Amino acid sequence: MDKITKYFNAERAESLLFVLVGLIAVFCAIYFFTKINQPFYNGMSYSLVAIALIQITVGASVYFRSPKDIERVNKMVQSEKEKIQNEEIPRMNTVMKNFVLYRWIEIGLLLIGFALFFIFQPETFWKGFGIGLSIQSCFMLLLDFFAESRGKVYLDYLQNFSSNLS
């Protein structure tokens, strides 16, 4: 399997994890609202669902976009090599910069979640909200860490490919 297909298939596989984590969070939130219905669990539910909607949306879009990306970049490699330098490398540079932004946002949300957990009394809405926010932020941080690592390998491949054309 070539590096392009490997990269986008790995992105696609991880996007399913994003969707799965999001769906689990939604199901937990529904359970907390309908079966437990206490302030702590209701607070947790709100933060779980808020980030789950992002996970499901991003995961689904990456999942459905990846086959087209494989086709698009393979076409560039085969017959439009200059587009690797002019389009795909700049696109990936933007993606890599966005990972830095996402990481800081996720760390910020994690810290806010911890602060809410430690500031508020047991079994309160905001303590639950903090726990849910912390859990979801950890998942996002972890999954984005792996995505960023793969992105760096893919970008290095593109840059090496492009430099070999010169």
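The values are calculated or read from the model by the stated rules, or taken from the named source; none is laboratory data. All values reported here derive from a predicted model rather than from experimental measurement. No Cβ is skipped: glycine too gets one built from the backbone with ideal geometry, and neighbour counts run over all protein chains shown.
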Quiz item: Across segment 83-132, what is the number of residues that are among the charged types (D, E, K, R), closer than 30 Å to I4 by Cβ and touching a residue at least 24 places away in the same chain (Cβ under 8 Å)?
Solution: 3
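Here's the yes/no breakdown for (1) closer than 20 Å to G128 by Cα; (2) assigned to a helix (DSSP H, G or I); (3) modelled with pLDDT of 95 or more:
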site: F40; (1), (2), (3): yes, yes, yes
site: M44; (1), (2), (3): yes, yes, yes
site: L48; (1), (2), (3): yes, yes, yes
site: I51; (1), (2), (3): yes, yes, yes
site: I56; (1), (2), (3): no, yes, yes
site: S66; (1), (2), (3): no, yes, yes
site: D69; (1), (2), (3): no, yes, yes
site: R72; (1), (2), (3): no, yes, yes
site: M76; (1), (2), (3): no, yes, no
Quiz item: With respect to the numbered conditions (1) part of a helix (DSSP H, G or I); (2) closer than 23 Å to A52 by Cα, which one is the sole condition not fulfilled by E87?
Solution: (2)
Exercise. Being more than 17 Å from the chain's Cα centre (by Cα) and either more than 20 Å from M44 (Cβ to Cβ) or not in a helix (DSSP H, G or I) (or both) is the filter here, so list the residues in segment 121-152 that pass it.
Key: Q121, P122, E123, T124
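With the structure loaded, tell me whether F99 is out of contact with any strand residue (DSSP E or B) (no Cβ under 8 Å at 6 or more places or on another chain), at pLDDT 95 or above, surrounded by 15 or more Cβ atoms within 10 Å (Cβ to Cβ) and closer than 19 Å to M44 by Cα or whether it fails that test. Steps first, answer last, please.
Values: out of contact with any strand residue (DSSP E or B) (no Cβ under 8 Å at 6 or more places or on another chain): yes; at pLDDT 95 or above: yes; surrounded by 15 or more Cβ atoms within 10 Å (Cβ to Cβ): yes; closer than 19 Å to M44 by Cα: no.
No, not satisfied.
Being modelled with pLDDT of 95 or more, part of a helix (DSSP H, G or I), under 30 Å from T124 (Cα atoms) and not hydrophobic (A, V, I, L, M, F, W, C): is that true of Y31 here? Show your work before the answer.
Working: modelled with pLDDT of 95 or more: yes; part of a helix (DSSP H, G or I): yes; under 30 Å from T124 (Cα atoms): yes; not hydrophobic (A, V, I, L, M, F, W, C): yes.
For Y31, the condition - modelled with pLDDT of 95 or more, part of a helix (DSSP H, G or I), under 30 Å from T124 (Cα atoms) and not hydrophobic (A, V, I, L, M, F, W, C) - is met.
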Exercise. Looking only at segment 74-81, decide whether some residue is surrounded by fewer than 15 Cβ atoms within 10 Å (Cβ to Cβ), without any contact (Cβ under 8 Å) to a residue 60 or more places away in the chain and closer than 18 Å to V95 by Cα.
Key: no
Practice problem: For V62, indicate whether it is at pLDDT 95 or above, among the aliphatic types (A, V, I, L, M) and assigned to a helix (DSSP H, G or I). | Solution: yes
Exercise. Could you tell me whether segment 32-44 includes any residue that is of a type in the set (F, W, Y) and either without any contact (Cβ under 8 Å) to a residue 24 or more places away in the chain or surrounded by fewer than 15 Cβ atoms within 10 Å (Cβ to Cβ) (or both)?
Key: yes
Quiz item: Which one is surrounded by the fewest Cβ atoms within 10 Å (Cβ to Cβ), of the residues in segment 108-162 that are under 18 Å from A50 (Cβ atoms) and small (G, A, S)?
Solution: G108
Exercise. Test E82 against the stated conditions and say whether it is modelled with pLDDT under 95, out of contact with any strand residue (DSSP E or B) (no Cβ under 8 Å at 6 or more places or on another chain) and more than 22 Å from S137 (Cβ to Cβ).
Key: yes
